[in-house]
Amino acid sequence: MATALSPDETESRLRSHFGRDVVASEEQHGHPVATVTAERYHDVCRFLRDEPELSFDYCDFVSAVDFGPERGFEVVTHLYSNAHHHNVRIKVALPHDQPVCPTISDLYATADWHERETLEMFGIRFEGHPNPVKLLLSEPFEGQPLRKDFALMSREAKPWPGAVEGEDLEDEE
Amino acid sequence: MGLITEKTPLPKIQPVKFLLNWGRRYSLWVMNFGLACCAIELIATSTSKHDFIRLGVIPFAHGPRQADLLVVAGTLTDKMAPALKRVYDQIPDPKYVISFGSCSNCGGPYWDSYSVTKGVDQVVPVDVYVPGCPPRPQALLGGIVKLQEKIKDEDIQEKWASGHSAVS
């Protein structure tokens with residue numbers, strides 16, 4: 001009978017198979033979250049999909065987070081198993097200038113559009129993507145709007161009137 | 001509308017003008033350009049409870065070519081803007097536009113967005129703005145009455161002569 005693996009069990013399987021290529025792992029909201037190297041990202045996803053105990057057959061989303069010029073980007077991939085009903089998130093840390101990540105669109109067809117969106121919103125190139133063109137933005141649009149350093153024209157004229165996330169924390173320090 | 005040419009001053013004659021505008025203002029086929037949650041309020045205004053047919057607004061034109069009134073209800077994005085322009089251009093004159101809701105008036109809560117057009121009046125000329133987020137159906141009824149007041153006093157020859165065309 002299919003049984004869901006606990007976050008620890010998923011993590012230990014990843015660690016025993018990929019060793020030091022699993023850079024970090026933690027548990028968030030009851031889901032295992034593993035940070036892996038960009039080189040092994042594709043292998044990790046293939047392993048998670050094909051291993052019968054894991055069988056993550058559904059790619060929920062691929063997106064990214066911009067942590068600024070020092071920490072760079074993090075590509076976040078959420079996988080789900082319809083057989084076992086368990087989740088996992090895979091993160092890949094990338095440098096801020098010229099971020100390149102391998103594609104997993106050959107493993108999960110869903111990832112195709114998600115990677116195109118991540119490309120236009122963050123400017124992260126997915127190496128090996130079959131059709132790396134814009135998905136949502138209009139053709140003449142320039143820039144990567146979800147990057148932290150993207151200048152919003154309206155805010156140049158009138159600054160954000162409300163509170164800014166993280167500002168209070170900085171004051172306290 | 002074959003009566004109205006440069007050579008026929010017929011609409012200048014007061015009873016004719018009155019009759020013409022009376023007819024036009026109580027027979028407004030509305031084109032539903034619903035883009036977001038405001039569209040739900042627009043549709044609610046057309047249903048039995050609020051029922052804008054009693055004001056002579058007929059829901060809904062089957063296409064822009066059958067429409068007199070365009071209600072832009074919702075968030076217009078820069079990517080959608082050419083489609084709005086195209087629909088507007090397909091509506092035969094005389095035509096009217098109601099901008100319904102904060103998003104279509106000025107961008108509303110998306111005032112600083114990278115993708116939202118801040119005001120549909122950048123794309124098409126607007127006759128009546130209905131504020132609200134979203135406005136209640138009563139607000140649209142108020143907007144329609146406002147538009148009908150505007151049509152009542154309109155000189156159609158002047159309207160056409162003024163080169164009334166969309167801002168491009």
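Any read-out appearing in this document is the output of simple, stated calculations on the displayed coordinates, not a laboratory observation. What you are looking at is a predicted structure, and each value in this text was computed from that prediction instead of being measured. Methodologically, a virtual Cβ is constructed for each residue, glycine included, from the backbone with ideal geometry; neighbour enumeration extends over all protein chains shown.
Details
- Computed label-point distance, nm, for sites A:Ser16 and B:Lys159 using a 7 Å Cα→Cβ extension: 7.9
- Segment A:88-173, dipole about Cα centre (Lys/Arg Cβ +1, Asp/Glu Cβ -1), debye to the nearest 20: 460
- As a rough footprinting exposure proxy, the listed residues B:Asp89, B:Asp153 were ranked by other beta carbons within 10 Å of their own, and the order from fewest upward is B:Asp153, B:Asp89.
- Cβ-placed point charges (K, R +1; D, E -1), dipole of the protein assembly as shown about Cα centre in debye, nearest 20: 2500
- Above-threshold pairs, the threshold being 28 Å between Cα atoms, out of B:Lys17/B:Lys118; B:Lys17/B:Lys146; B:Lys12/B:Lys146; A:Lys158/B:Lys159: B:Lys17/B:Lys118; A:Lys158/B:Lys159
- The H on the amide N of A:His86, modeled in the peptide plane, is under 5 Å from the matching H of A:Ser81, each at least 5 residues off or on a different chain.
- Scalar couplings 3J(HN,Hα) for segment A:30-41, obtained by applying the Karplus form with A = 6.51, B = -1.76, C = 1.60 to θ = phi - 60°, are x, 10, x, 10, 10, 9, 10, 6, 4, 5, 9, 3 Hz; x denotes Gly and Pro.
- Per-residue ³J(HN,Hα) for segment A:63-70, Karplus 6.51 cos²θ - 1.76 cosθ + 1.60, θ = phi - 60°, Hz, x for Gly and Pro: 8, 8, 10, 9, 9, x, x, 7
- Cα Rg, Dmax (largest Cα-Cα span) when computed across the protein assembly as shown, Å: 27.9, 92
- Unit charges on C-beta of K, R, D, E only; dipole of segment A:1-138, Debye: 120
- Positive-end extreme of charge dipole, the protein assembly as shown - chosen from B:Val120, A:Ala24, A:Asn82 (charges on Cβ): B:Val120
- Beta bridge orientation in the protein assembly as shown: antiparallel %, DSSP, nearest 5: 50
- Summarising the strand pairing of chain A, around 75 percent of its internal DSSP beta bridges are antiparallel.
- Kirkwood-type radius of segment B:12-83, with distances r between different C-alpha atoms, in Å: 13.6
- Taken along the Cα-to-beta-carbon direction at a fixed 7 Å, the label points for A:Val23 and A:Tyr58 span 2.9 nm.
- Under the criterion of Cα pairs below 8 Å and six or more residues apart, the relative contact order for chain B equals 23 percent.
- 5 angstrom amide H check on B:Thr117, placed H, neighbours 5+ away: B:Leu76, B:Thr77, B:Asp78
- Proportion of all alpha-carbon pairs of chain A beyond 20 Å (%): 57
- Mean projected area of the Cα convex hull of segment B:94-150, taken over all directions, amounts to 4.0 nm².
- Alpha-carbon Debye profile of segment B:15-148, log10 I(q)/I(0) at 0.16 Å⁻¹: -0.74
- Extending 7 Å from the Cα toward the beta-carbon at both B:Arg65 and B:Thr47 defines two label points whose distance is 3.2 nm.
- Residue-wise HN-Hα coupling along segment B:115-130, computed from phi with Karplus coefficients 6.51, -1.76, 1.60 (Hz; x: Gly, Pro): 10, 9, 6, 7, x, 6, 5, 6, 10, 10, x, 9, 8, 9, 9, 10
- Between A:Ala83 and A:Leu136, the contour length at 0.36 nm per residue exceeds the alpha carbon distance by 15.9 nm.
- Antiparallel bridges, percent of DSSP beta bridges restricted to segment B:1-137 (to nearest 5): 5
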